[in-house]
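The values are calculated or read from the model by the stated rules, or taken from the named source; none is laboratory data. Since we're looking at a predicted model, the values are computed, not measured. With ideal geometry, Cβ positions are generated from the backbone for all residues, glycine too; neighbour counts draw on all protein chains shown.
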């Protein structure tokens with residue numbers, strides 16, 4: 001059974017539009033994260049949440065807004081999409097905040113912005 | 001400026017050979033170095049890690065060699081198998097309690113049967 005579900009697997013959007021990337025984890029973890037992996041940059045940390053509260057934001061742009069409606073959900077809303085936003089976005093979780101050794105990554109959502 | 005650099009970008013070895021993946025870093029505050037394995041269509045998964053107080057860490061066919069003075073490390077995969085074909089990321093962190101990890105660009109390994 002999938003431990004972290006990310007939906008959709010592939011997403012194509014037009015410049016200027018808005019999309020929401022879905023992440024659900026069924027590991028019982030209390031911390032969740034978003035990472036981005038693009039062709040131009042290595043995998044990079046974006047956000048961390050602990051017990052549904054934002055703990056760290058390493059994303060400069062306010063166009064990226066995480067949303068946690070439930071303990072095991074952390075969606076990522078991206079507004080005013082740009083071609084440079086094209087990347088694979090990975091959701092991850094861990095039992096508690098911190099501890100990269102305990103992080104488990106989801107399969108990712110590949111976003112293409114035309 | 002990349003803080004963690006990996007080479008080569010891609011590597012092909014024959015089944016049974018030893019694959020050597022290289023990594024170097026800039027920041028002296030890094031003291032933990034995890035390696036991740038990523039298969040196509042999947043997220044990265046922690047494979048093996050080493051702390052800066054060690055110069056070698058072994059786990060089955062996977063061994064990390066670490067040179068603190070030169071800020072270099074390498075991942076050796078002995079008796080490479082086709083199932084080892086994946087992208088390997090070297091990463092760096094300031095501690096085990098932190099979630100912030102700096103990743104390298106990865107080495108794509110292909111093991112030919």
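Looking at B:103, B:65, which one is under 13 Å from the mean Cα position of the chain (by Cα) and closer than 17 Å to residue B:3 by Cβ?
B:103
Any residue that is more than 8 Å from every other protein chain (Cβ to nearest Cβ) and modelled with pLDDT under 95 - is there at least one of those in region B:93-101? Checked region B:93-101: at least one residue is more than 8 Å from every other protein chain (Cβ to nearest Cβ) and modelled with pLDDT under 95. Consider residue A:98 against the criteria (1) more than 10 Å from chain B (Cβ to nearest Cβ); (2) touching a strand residue (DSSP E or B) at 6+ places or on another chain (Cβ under 9 Å); (3) at pLDDT below 95; (4) outside any strand (DSSP E or B): it satisfies all of them except one. Which criterion is unmet? Failed condition: (1). If residue A:48 passes every condition in (1) within 22 Å of residue A:11 (Cβ to Cβ); (2) buried (at least 17 other Cβ atoms within 10 Å of the Cβ); (3) under 14 Å from the mean Cα position of the chain (by Cα) but one, which one does it miss? Unmet for residue A:48, out of (1) within 22 Å of residue A:11 (Cβ to Cβ); (2) buried (at least 17 other Cβ atoms within 10 Å of the Cβ); (3) under 14 Å from the mean Cα position of the chain (by Cα): (1).
Would you pick out the residues in region B:21-45 that are within 13 Å of chain A (Cβ to nearest Cβ), surrounded by fewer than 18 Cβ atoms within 10 Å (Cβ to Cβ) and within 17 Å of residue B:101 (Cβ to Cβ)? First the steps, then the outcome.
Here is the first cut: in region B:21-45, the residues within 13 Å of chain A (Cβ to nearest Cβ) are B:23, B:25, B:30-45.
In the following step, the residues that additionally are surrounded by fewer than 18 Cβ atoms within 10 Å (Cβ to Cβ) were identified as B:31, B:39-42, B:45.
Within region B:21-45, B:31, B:45 meet the criteria.
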